[in-house]
Amino acid sequence: MTLTPLTRRRLANFRANKRGYWSLKIFLVLLVLSLFAEFIANDKPLLLSFKGELYIPVLVSYPETTFGGVLYSEADYSEPAVRELIESERGWMLWPPIPFSYYTIDRYTGEPAPAAPSSRHWLGTDDVARDVLARIIYGFRLSVLFGIALTLFSSLIGVTVGAVQGFFGGWVDLIGQRLVEIWAGMPVLFLLIILASLAQPNVFTLLGLLLLFSWMSLVGVVRAEFLRTRNFEYVLASRALGVSSFDIIRQDVLPNAMVATLTFLPFILTGSITTLTSLDFLGFGLPAGSPSLGELLAQGKANLHAPWLGLSGFFALLIMLTLLIFIGEAVRDAFDSRRSVTSMDAF
Amino acid sequence: MSDRILEIKNLSVAFHGSTVVREVDFHIDRGETLALVGESGSGKSVTALSIPQLLPYPQASHPSGSILLDGIEMISASKATLLKMRGNRVSMIFQEPMTSLNPLHTIERQVGEVLFVHQRLGGNAVRKRTLELLEMVGLQRASERLTAFPHELSGGQRQRVMIAMALANEPDLLIADEPTTALDVIIQAQILTLLKDLQSRMNMALLLITHDLVMVRRIADRVCVMNQGCIVETAITKTLFSAPTHVYTRTLLNAQPKGNPVRIKGDSKPLMQADKVSVYFQLGSGFLARKRVLKAVDEVSMTIQTGQTVGVVGESGSGKTTLGMALLRLIRSKGKIVFDGVDIQGLNNKSLKPYRHDMQIVFQDPYGALSPRRSVRQIIEQGLRVHEPHLGDDELATRVDGALEDVGLDSTDKDRYPHEFSGGQRQRIAIARAIILRPRFIVLDEPTSALDMSVQAQVVDLLRDLQARYQLSYLFISHDLKVVRALADELVVMKDGIIIEQGRASDIFERPATEYTRALIAAAFDLEVVNKTSANDGKN
């Protein structure tokens, strides 16, 4: 694919914003690392040698009997009995840097939960003795993926609704705008709390619930852009050629609206993540046990004597949201046509 | 005080290191009019803006030269000096009177501000002087209009207010940057007469920047011709027009649209017939608002033969463009529209689609008419993809190449984007998009008015050539009668939505039947006559 000069100029503008460019790099590294969270924080060894044979417990589930145990359920590699079984046959285990998953309850901390940070738990444990760092890594992944999914779906709906309203105008626009206004006037947080208390939501129902109210943020922007563009002469020219409305929207009008949409995306993403976190904090979000940053904050509030809980959650959110905001600012600058003085024609 | 008000020596202007104006020398005396003539991009506006130091510094710089305004050096002058000079000793009028006035302030306030800033007058004195100025620039019912907002005035009236603001402090030098380009021809003539008159009354120097040679001939004492950042010729106006020395000046003078319209064959049939076509717009819509109706086009009837060009002329707001759109069914209208024997008025979008193949439009603004995000190839082949979807990629490419060749562009350019082309080239692309389907009828909506004079002539030649080759019928909409005369076989003169004169173009040019047509013709070809008619026009 060849880049148009415009795209190239925007990329250059993006790179010129050093803070945003570095934020993107750091964020991508964190995201990729967290996508492989199972290899970083897990209660199963990455690699295991037993009687000269290699096993990969991180990917495959082996019953305890494989290693000479008595249970037919999956081996619990952190249990001293299992370790002894494996090591007695001159076997070895390669552990991830953090030998706990987000749900692993560490029964061998030697102090009451929540346990303070130590060499065993770098950021301490929460009030049911789960490793905080592991929960943050998984929580980061869940928050970002959830945020991206919510952003994508709400942009899709928002752009479509805005496009239809803006392009066809008139009564469609009038009625659509009033409906959007009424819908936007609902007390969203209370509705979500009521809906969430009717049934314990899982990730997908929660996504659906939030989607009901989050798609409106883009409607106004896209609608305005369409209202502006639909009277341009090149749109008229396309209509004179007999091009169908759908194709006109797709080829001539939408690309203009995409600039505004893309500029907004990072900020919608931050908003989505914040919404999820606040619901989790209130206890109406993801099902209990999920690795969630909001739940970590709630624990910090309930256990003020264990400041590492609140502080870890706070800094995790701070870093994630700050990176996203910086990226968003850089994207906004990149699409701002007034910033490109370098390539501006002299009169 | 010396007579020499402005002395520019060896002036260069550079943007980001690339020089756009090269070692320009000229001077203006008190009471003299100097015209700076050139095509767009020749550096005339940049030169003018550097006199009051209004360029976007520090992106712009002056590698060499000096600008002496009444003996005071402007380049590297202190901010205080510049502020004292601007609006006081030197003032400017810009091309676009709508954007040059603040839409949120009344006329009184905007003119008064200039007086207040530079002369420190009190409230009553400002008001009195403002009224005086507005009367001086010929704004009718000036005392009532003091409280008017810019949008309540017409283009010509706004330009008069701009002039009043520029003259408020009786400057030594007035820079007029294309002061009439955005105005209708008849108003143009009035504004020019006003400028000339005020100049002699106030004995100020006038620097006129323009591409319109008719205007130069009428009011300039001396002319500087600019090309690619250099002044190629400076001469007394009369000498320049009678004996131009530089090659470029000669091409500029010869670049008038020439030639005669294509004759239609005797047996040609009517292709497009409009019978009492009307387009009404509702103003003040809403539940309770009083409904008013704007009759943009009112019961217009006309016939266009195969291979014929019908010119539609009239000032802006006369409904020319609306008529063109209505004939192509791009806006809703009433009345009968018969294309090739079929009434297309009642057809829905689907049954209209085959006719879209035969009817096309070319717009005025070559910048707005091409989607900035699509390559030239995508723009041109769009019509083929809709109407001849069976074509393969190879055939599409051949047809696109053919269309580009037809309009005189290189087929290797097809993967570039519109912004990489000049105005004239863009207009060629727009024409290529229209003709690739081999339509039979094309509406040309002011296709030349956004272009430079020499490019206009080329586009007119191209259009005539294509017409002869493909037996095209044109509806040629324009306010510029010079171009219309070179292309149109029949003429329709519109005013306020109705046709006031209709017939063979040659007859109308020789014996215009209405006052309005006479004024239009006079404005296009000869300014002297306009002065008489403009006085009449001013009354209504």
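The values are calculated or read from the model by the stated rules, or taken from the named source; none is laboratory data. Treat the numbers as computed from the prediction; the structure is a model and nothing was measured. Cβ atoms come from the backbone with ideal geometry, glycine included; neighbour counts cover every protein chain shown. These accessible areas exclude ligands, DNA and RNA; they are computed on the full protein's heavy atoms, side chains included. Shrake-Rupley method; radii C 1.70, N 1.55, O 1.52, S 1.80 Å.
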Cβ-derived FRET efficiency at R0 51 Å, A:Lys301 paired with A:Arg90, nearest 0.05: 0.55
For a quick check of your reading of the filter: which trypsin sites (Lys or Arg not before Pro) in the stretch B:287-351 sit in a DSSP loop and have no more than 14 other Cβ atoms within 10 Å? B:Arg290, B:Lys291, B:Arg332
Whole-number accessible area per residue in Å² for the stretch A:86-223, which is evaluated in the context of all protein chains at 1.4 Å: 51 Å²
Could you check how much of the accessible area of the protein assembly as shown is carbon and sulfur, as a whole percent, using a 1.4 Å probe? 57 percent
Note on chain A: C-alpha Rg/Rh, Kirkwood Rh, two decimals, gives 1.09
Can you list the trypsin sites (Lys or Arg not before Pro) in the stretch B:135-184 that are in a DSSP coil and have 12 or fewer other beta carbons within 10 angstrom? B:Arg141
Calculated FRET efficiency, A:Ala116 and A:Ala224, Cβ-Cβ r, R0 56 Å, to nearest 0.05? 0.55
Between 0 and 90°, nearest 10: helix A:203-214 axis offset from chain A longest Cα axis: 30 degrees
On a full-extension model of 0.36 nm per residue, what is the gain between B:Asp221 and B:Lys295, subtracting their alpha-carbon distance, rounded to one decimal in nm? 22.2 nm
So, counting K/R as plus one and D/E as minus one, what does the shell of residues with Cβ under 14 Å around B:Thr412 add up to? -3
Can you give the angle from 0 to 90° between the axis of helix A:170-184 and the longest principal axis of chain A, with both taken from C-alpha atoms, to the nearest 10? 30 degrees
Based on the alpha-carbon gyration tensor of the stretch B:395-445 and its eigenvalue square roots a ≥ b ≥ c, which shape applies: rounded if a/c is under 1.5, prolate if not and a/b is larger than b/c, or oblate? oblate
Of the beta bridges DSSP finds with both residues in the stretch B:416-524, what % are antiparallel, to the nearest 5? 55 percent
Calculated [θ] (222 nm, deg cm²/dmol) that DSSP helices of n ≥ 4 give over the protein assembly as shown, each run adding -39,500 (n - 2.57): -14500 deg cm²/dmol
Indicate the gyration tensor shape class of the stretch A:6-145 (rounded, prolate or oblate), computed on the Cα atoms with a ≥ b ≥ c the square roots of the eigenvalues: a/c under 1.5 is rounded; otherwise a/b larger than b/c is prolate and the rest oblate. prolate
FRET efficiency for A:Asp127 and A:Val60, using Cβ-Cβ distance with R0 set to 25 Å, rounded to 0.05: 0.15
Count the net charge of all other residues whose Cβ sits under 12 Å from the Cβ of A:Ser101, scoring Lys and Arg as +1 and Asp and Glu as -1. -2
If B:Cys224, B:Cys230 are ordered by their accessible area, calculated over protein heavy atoms with a 1.4 Å probe, which sequence runs from highest to lowest? B:Cys230, B:Cys224
If you place +1 on the Cβ of every Lys and Arg and -1 on the Cβ of every Asp and Glu, how big does the dipole about the Cα centre of chain B come out, in debye to the nearest 20? 1280 debye
Please list, or write none, the lysines whose alpha carbon is within less than 19 Å of the alpha carbon of B:Lys9, excluding same-chain residues fewer than 8 places away. B:Lys44
By the scheme Lys and Arg +1, Asp and Glu -1, what is the net charge of all other residues having a beta-carbon under 15 Å from that of B:Leu54? +4
DSSP beta bridges in chain A, what fraction antiparallel, as a percent rounded to 5? 90 percent
Size of the dipole of the protein assembly as shown about the Cα centre, Lys and Arg at +1 and Asp and Glu at -1 on the beta carbon, nothing else charged, in debye to 20? 1720 debye
Counting DSSP beta bridges with both partners in the protein assembly as shown, what percentage is antiparallel, nearest 5? 60 percent
Where the centre of each part is set by its Cα atoms, how far does the stretch B:104-125 sit from the stretch B:412-460, in angstrom? 46 Å
